[in-house]
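Step one of this worksheet: look at the structure below.
The values are calculated or read from the model by the stated rules, or taken from the named source; none is laboratory data. Bear in mind that the values here come from a model prediction, so they are computed numbers and not experimental data. Quick reminder, even Gly has a Cβ in these numbers, built from the backbone with ideal geometry, and neighbours come from all protein chains shown.
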Amino acid sequence: MTIADLRQQHLILFEAISGSRAYGTNLPHSDTDLKGVFVLPENQFFGLDYVPQVANATNDEVFYELRRFVELLLKNNPTVLELLGTPAECVVYQHPLFARFRAADFLSKLCRHSFAEYAVAQIRKAKGLNKKINHPEPPARKSVLDFCYVTAGVGAQPVAAWLARKGYEPAQCGLANVPHLTDLYALFIDATPGRAHGYRGLVRDPETSQDVLLSAVPKGEEPVAYLSFNRNGYSTYCRVFREYWEWVEKRNTERYQNTVQHGKNYDAKNMLHVFRLLQMAEEIAESGVLNVRRPNREFLLQIRRGEFEYDDLVAKAEHLVTRVEAAFASSALPDAPDRAAAEELLLQVRRRFYGLN
């Protein structure tokens, strides 16, 4: 099923322009996003092929089946709740039955989680992006040996520096476990002609190995030093390295260039939505009203243009989080929407829609 099918079969209950154009934060080049609600044909609804939502290839046009729409309303999902607060000029089509859905009947303290905690996650995301931009990972990946250190007096040296200072080659080295000491190894050097001990070196392959390599050591050999492998440090580095280059591969080029150009090293569009969500959450907690069209367009666009310092924005956002938490703690909103009433409304609208069609 496609969006064209929904229109052709007259299955749409509601269709609206969403995103920045609904918030009032759009720019001349902003995309036009569409969201909506539809009802499956009766025989398909009662059959095996229930379709919860339909979207276009770029996912900027999304329509929710009536049941899925109500399920998300009961969770106070921001994207779906915002449909009930769509500014009149953004409504493309509304079936008379859809007027029975009112935001006031669904707003609850669950918005603290769905709006505010999502915004907190976006703050963490912004911090991660800030770190990626300011501390890029070099293309060459570090190896296990970069996390290996050899005892030297009362201190330790990177194994490569220690080998160079001693004049040893990695192939001369053999490692053996030290009982009861995790990731600490006795380091042996094969100084025999032709390297008769047959030590295997420190790693199998410096570029691809994920661990050090152990050797069989002849009885009576004495270690020349002890080697420590910082396994946790290596594991953390590998995760950060992988995440960084996955981000480079998948990042939105246009948004990244905008981030670099405004010079503040944060995703300005991301931070705009942090403040939008937190401010909406505070309004919901204090007044029980869902305001989709934002009254502070210029402030939000200042964020988008990168006119604030990153640390100042994060501090303001974290202060706003505290205010939101306090507002919900004293809010008169119910803990959750009335599930029974929502289900009855769902049934009535569906029956009525099928009866009319």
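Points to keep in mind about this one:
- Residue within the range 101-124 that is among the hydrophobic types (A, V, I, L, M, F, W, C), outside the structural domain of residue 33 (by TED's automatic domain parsing), modelled with pLDDT under 95 and over 19 Å from residue 283 (Cα atoms) present: yes
- Check on residue 207, at pLDDT below 95, assigned to a loop (DSSP other than H, G, I, E, B) and of a type outside the set (A, V, I, L, M, F, W, C): yes
- For the range 316-326, a residue qualifies if it is buried (at least 19 other Cβ atoms within 10 Å of the Cβ) and in contact with a Lys or Arg (Cβ under 9 Å, 6 or more places away or on another chain), and exactly one does: 324.
- Within the range 61-104, the set of residues being farther than 26 Å from residue 117 by Cβ and part of a helix (DSSP H, G or I) comprises 66, 88, 89, 90, 96, 97, 98, 99, 100.
- Taking the range 34-91 as the range and being under 22 Å from residue 336 (Cα atoms) and among the aromatic types (Phe, Trp, Tyr) as the test, the residues that pass are 64, 69.
- For the range 303-324, the condition of being at pLDDT 95 or above and part of a loop (DSSP other than H, G, I, E, B) holds for none of the residues.
- Condition broken by residue 341, with the remaining ones in (1) surrounded by fewer than 16 Cβ atoms within 10 Å (Cβ to Cβ); (2) in contact with a Lys or Arg (Cβ under 9 Å, 6 or more places away or on another chain) satisfied: (2)
- Scope the range 25-37; condition surrounded by 14 or more Cβ atoms within 10 Å (Cβ to Cβ), of a type outside the set (Val, Ile, Thr) and over 15 Å from residue 59 (Cα atoms); matching residues: 26
- Odd one out for residue 274, checked against (1) over 20 Å from residue 87 (Cα atoms); (2) surrounded by fewer than 21 Cβ atoms within 10 Å (Cβ to Cβ): (2)
- Residue in the range 223-238 that is free of Cβ contacts under 8 Å to residues at least 24 places away in the same chain and either touching a Pro at 6+ places or on another chain (Cβ under 8 Å) or small (Gly, Ala, Ser) (or both) present: yes
- Selection over the range 26-40 of residues that are modelled with pLDDT of 95 or more and either outside the structural domain of residue 58 (by TED's automatic domain parsing) or not in a strand (DSSP E or B) (or both) gives a count of 2.
- Across the range 160-184, the qualifying residues are those that are surrounded by 17 or more Cβ atoms within 10 Å (Cβ to Cβ) and assigned to a helix (DSSP H, G or I), and the one among them that is farthest from the chain's Cα centre (by Cα) is 172.
- Test: residue in the range 46-60 that is farther than 25 Å from residue 295 by Cβ, of a type outside the set (A, V, I, L, M, F, W, C), without any contact (Cβ under 8 Å) to a residue 24 or more places away in the chain and part of a strand (DSSP E or B): yes
- Every residue from the range 306-315 that is surrounded by fewer than 14 Cβ atoms within 10 Å (Cβ to Cβ) and of a type outside the set (A, V, I, L, M): 307, 309, 311, 312
- Scope the range 185-204; condition free of Cβ contacts under 8 Å to residues at least 24 places away in the same chain and either in a strand (DSSP E or B) or among the hydroxyl-bearing types (Ser, Thr, Tyr) (or both); matching residues: 192
- Hey, residue 40 crowded, with 17+ Cβ neighbours inside 10 Å and under 30 Å from the mean Cα position of the chain (by Cα) or not: no
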